[in-house]
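Just below is one structure, and these are the notes that go with it.
The values are calculated or read from the model by the stated rules, or taken from the named source; none is laboratory data. Please read all numbers here as calculations on a predicted model, not as lab measurements. All Cβ positions, even for glycine, are placed from backbone atoms using ideal geometry, and neighbour counts span all protein chains on display.
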Amino acid sequence: MDDREEKKPEGTTSAEDREQNARIPLSAAARRVQALGLDREREPEIEVEHVGFWENFWYHHKWKTILIAAAALIVVVCMVQLLSRETPDAYLLYAGPAYLTAREVQAISADCKLVMEDSNGDGKKGLSILDINYLTAEQIEEKKRQAREEGVDLTIDGAGNTAQYERFELEMIAGESAVCLLDPALYENVRKAGGLVPLSEVFAGTPPHAVDEYGIAFGETDFARTFSSMNVFPQDSILCLRRITSVSRLKGKKAERLQAWQTDFFTAIVEFTAPDGVE
């Protein structure tokens, strides 16, 4: 027998070699080569897809980017609202059984601005309207009676109604509103507490439709009869002017200027004359 080893064809292995190799654990790469039937020396290169800068940035910073963008949007919206917001020349408070919708408030504001002045000189007529929906005990009983007659199950939110009255009291003590449209019962409470300006301090004589020395029957005024937006207020609502409160006086000259502007607004409503042809 020839001592020289018989040369095996390149790329082939004997049965003994294959058996020995089978007992040696293979790496993941080796198993991949074996599964594909490829030559170990010619293992294909793994292709890596190129990822762009923005794709990589979004992958790593997606949530931070979203949060920053949301915060920036909120800031922009708040700034726009702040810059477009009107500085009030006057405030109008309604307190009583009527509930005002946003559309009704907008219509009331638009009509009131027709008789208002741009008192603060900012080029805009600004009016802030605050409505407090409060029912007296008598009004609650009347609503329940009507509901029974109509076969309707009515529930009154007593706690909510009490909270509305407390809100009204707070406004009378420390609020900005001077021009007030009040339910007769609430009007009496404020009048007895000495919180109203006498009409004689505003007008030379007794104005038309005065109910006493402090209030005007709003539903009978030319202003209420002319503008349909005012129909949302109950006919017995009383128009009056609240005094500057002790809390408001702490603001000094600013409170006095605002009171003067609101007195002008109050006067404009009371002295408004209906155009010819309007009854």
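Okay, here's what the table says:
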| read-out | value |
| --- | --- |
| Filtered residues of region 159-174 (kept if closer than 23 Å to ALA217 by Cα and either touching a residue at least 40 places away in the same chain (Cβ under 8 Å) or loosely packed, with under 13 Cβ neighbours inside 10 Å (or both)) | PHE168, GLU171, MET172 |
| Residue match in region 188-211 (condition: among the basic types (Lys, Arg), buried (at least 16 other Cβ atoms within 10 Å of the Cβ) and modelled with pLDDT of 95 or more) | yes |
| Those helices (runs of 4 or more DSSP H) lying entirely in region 159-275 with at least 1 residues small (Gly, Ala, Ser), touching a helix residue (DSSP H, G or I) at 6+ places or on another chain (Cβ under 7 Å) and over 21 Å from ALA110 (Cα atoms) | 246-249, 253-270 |
| Qualifying residue in region 36-50 (condition: on the phi > 0 side of the Ramachandran plot, modelled with pLDDT under 80 and not assigned by TED's automatic domain parsing to the domain that holds SER177) | yes |
| Hits in region 129-181 - residues which are under 27 Å from MET116 (Cα atoms) and among the aromatic types (Phe, Trp, Tyr) | PHE168 |
| Matching residues in region 149-158 - criterion: being surrounded by 11 or more Cβ atoms within 10 Å (Cβ to Cβ) and outside any loop (DSSP other than H, G, I, E, B) | none |
| Qualifying position, being without any contact (Cβ under 8 Å) to a residue 24 or more places away in the chain and farther than 22 Å from ALA95 by Cβ, among GLU188, GLU271, GLU256, GLU213 | GLU256 |
